[in-house]
Structure formats: C-alpha cells, structure tokens
Amino acid sequence: DAKTTQPNSMESNEEEPVHLPCNHSTISGTDYIHWYRQLPSQGPEYVIHGLTSNVNNRMASLAIAEDRKSSTLILHRATLRDAAVYYCILRDYEGGTTSGTYKYIFGTGTRLKVLA
Amino acid sequence: NAGVTQTPKFQVLKTGQSMTLQCAQDMNHNSMYWYRQDPGMGLRLIYYSASEGTTDKGEVPNGYNVSRLNKREFSLRLESAAPSQTSVYFCASSEYGTGNQPQHFGDGTRLSIL
C-alpha cells in the first residue's frame, strides 16, 4: 500500500503558484520524500527530493513540515506544460533479512490541470 | 545523454506468444527495475535487480521473468502472454537500491495482448 496520501486532482491557473500537498504520517527518520511527475504518454520524471530541510531546484520547491509528516511541492508559476500527475513517494523495503532492496510505492498521485 | 532506453515502444501480441522487453541505461547505475502501469493507476514493481548478478521479485512477478545481462541491461520476458498483461511497462535505474536516490525512467513499452 502507498505510504502517502494525496488529493486526486487539483486545478490551477496558468502563471499562478501551485501547492501540491502530501501526507506521510508513517515516515521514518531516514526516509527521503520524493516527488515525480508523469506527463501524458511518458515515463515518470524526477522533480525533487528532500529529507528535512526545504529544497529548491530549477523545477520546483519542496517544503517539509517540521515533524516530517507532510510536505508540499510548490510550482512557482504553473505553465500548461506542468499539467501532469504528480506522485509523492516514500521508499518501502522489499525482501528478507539477508537480501532485498528499497523500492518506491506509487499511489495514484494528484492530477494537476492547468487552465489557460 | 540517452539515460534509460526501452525497446520496443509498442507491441501487439496474441495470447500465448512470448516476448522480451529490452532496457538499457548508460548512467553506470547499479540498480534497475521493471514496473507496469495499468490505466488510471500508479506503477507497480514487477522485478528488480539491486546489483549486477542479482534479481528479485517485486509486487506482481507472476507471468514474468527477468535477466540482468550486465550492468547496463535488464530485460523482462513474458513466456506466455495473457490479456491481463496488457499494460505499459517502464524500466528504471538508480545509482543504488537504497530508495533514497532518484530513479530514472524510460519512456515505456506499450504492450497489448489480444
């Protein structure tokens, strides 16, 4: 099961900021919070990730709550090209005690619609 | 930079046919993954390879096999295709399998089984 909770859909006007929320109340102390987006007919694309501090890159900003149980992806000026499904992801462990790997659990994400 | 390359991009099979989906990455990553995505759903992990020479089952491995041919290549095989395997298949790679590093995805293989 997905370890994160996101709204199914959101709308934004073009050129306005967008705040995409995510709840992850069961996060452990060493788990990074990852955000990906998936444009139509494409594979998921890495957006940003962070552990405790707020993070910025050329695509977006990530604001992480002090208790780390929630985070918000911020697109500063939405464009029509930002219309996509946005996934907030934590890692999960797959395997046994002697071998395994961490993997992502993808939920259904938030479908962002940008209005012209 | 090519990143993660998947072939073919599209394929139509008949029930019972076999097929291998190919994936190659040029980022010298240790870990590779195969996911499937059904309409309106998130991705589900089929198999993964934490490092060269190892492969393990993910959430939905039934009906599939994989081969980590070398560090660059990770293939997914359907031995006897079934309509339930109609899906979009994504290959991904990451530097290590710690779950705290970004995964890089290919553009997918759209597979239809009649």
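The values are calculated or read from the model by the stated rules, or taken from the named source; none is laboratory data. As the structure is a prediction and not an experimental result, all values here were calculated from the model. A quick note on method: Cβ atoms are made from the backbone with ideal geometry, for glycine too, and the neighbour counts reach across all protein chains shown. The protein model used for the area step is the full one, side chains on, heavy atoms only, and it has no ligands, DNA or RNA in it. Shrake-Rupley method; radii C 1.70, N 1.55, O 1.52, S 1.80 Å.
Annotations for the structure displayed:
- Single match in B:Ala50, B:Ala92 (criterion: of a type in the set (A, V, I, L, M, F, W, C) and in contact with a Ser or Thr (Cβ under 6 Å, 6 or more places away or on another chain)): B:Ala50
- Filter result for B:Asp26 (among the acidic types (Asp, Glu) and crowded, with 16+ Cβ neighbours inside 10 Å): no
- Restricting the stretch B:46-58 to residues that are facing another protein chain (nearest Cβ under 8 Å) and either in contact (Cβ under 8 Å) with a residue 60 or more places away in the chain or outside any strand (DSSP E or B) (or both) leaves a set whose member that is least open to solvent (accessible area, probe 1.4 Å) is B:Gly58.
- For the residues A:Glu11, A:Glu16, the requirement of being in contact with a Leu (Cβ under 7 Å, 6 or more places away or on another chain) and either of a type outside the set (A, V, I, L, M, F, W, C) or not in a strand (DSSP E or B) (or both) singles out A:Glu11.
- Residue satisfying condition, being part of a loop (DSSP other than H, G, I, E, B), closer than 24 Å to A:Glu45 by Cα and in contact with a strand residue (DSSP E or B) (Cβ under 7 Å, 6 or more places away or on another chain), within set B:Asn28, B:Asn100: B:Asn100
- Test: A:Ile89 is facing another protein chain (nearest Cβ under 10 Å), farther than 23 Å from B:Val60 by Cβ and among the β-branched types (Val, Ile, Thr): no
- A search for C-beta distances below 9 Å between a residue of the stretch A:35-46 that is at the interface with another protein chain (Cβ under 10 Å from one of its Cβ atoms) and any residue that is of a type in the set (Lys, Arg), counting only pairs 6+ apart in sequence or on different chains, returns A:Ser41/B:Arg110; A:Pro44/A:Arg37; A:Glu45/A:Arg37; A:Tyr46/A:Arg37.
- Residues that are in contact with a Lys or Arg (Cβ under 9 Å, 6 or more places away or on another chain) and not in a loop (DSSP other than H, G, I, E, B), drawn from the stretch A:29-48: A:Ile33, A:His34, A:Glu45, A:Tyr46, A:Val47
Listed here are the residues, each with its yes/no results for (1) within 14 Å of chain A (Cβ to nearest Cβ); (2) without any contact (Cβ under 8 Å) to a residue 40 or more places away in the chain; (3) open to solvent by 60 Å² or more (accessible area, probe 1.4 Å).
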position: B:Tyr35; (1), (2), (3): yes, no, no
position: B:Arg44; (1), (2), (3): yes, yes, yes
position: B:Val66; (1), (2), (3): yes, yes, no
position: B:Leu69; (1), (2), (3): no, yes, yes
position: B:Ser75; (1), (2), (3): no, no, no
position: B:Leu78; (1), (2), (3): no, no, no
position: B:Pro83; (1), (2), (3): no, no, yes
position: B:Tyr89; (1), (2), (3): yes, no, no
position: B:Glu95; (1), (2), (3): yes, no, yes
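- Some residue of the stretch B:2-19 being modelled with pLDDT under 90, part of a loop (DSSP other than H, G, I, E, B), more than 12 Å from chain A (Cβ to nearest Cβ) and at negative phi: yes
- For A:Glu16, the stated conditions hold: it is of a type in the set (Asp, Glu), loosely packed, with under 13 Cβ neighbours inside 10 Å and in contact (Cβ under 8 Å) with a residue 60 or more places away in the chain.
Per-residue answers, yes or no, for (1) within 20 Å of B:Thr5 (Cβ to Cβ); (2) at pLDDT 95 or above; (3) under 14 Å from the mean Cα position of the chain (by Cα):
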residue	(1), (2), (3)
B:Gly63	no, yes, yes
B:Ser75	yes, yes, yes
B:Glu79	no, no, no
B:Thr86	no, yes, yes
B:Tyr89	yes, yes, yes
B:Thr98	no, no, no
B:His104	yes, no, yes
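- Residue in the stretch A:34-42 that is within 23 Å of B:Gly3 (Cα to Cα), at pLDDT below 90 and hydrophobic (A, V, I, L, M, F, W, C) present: no
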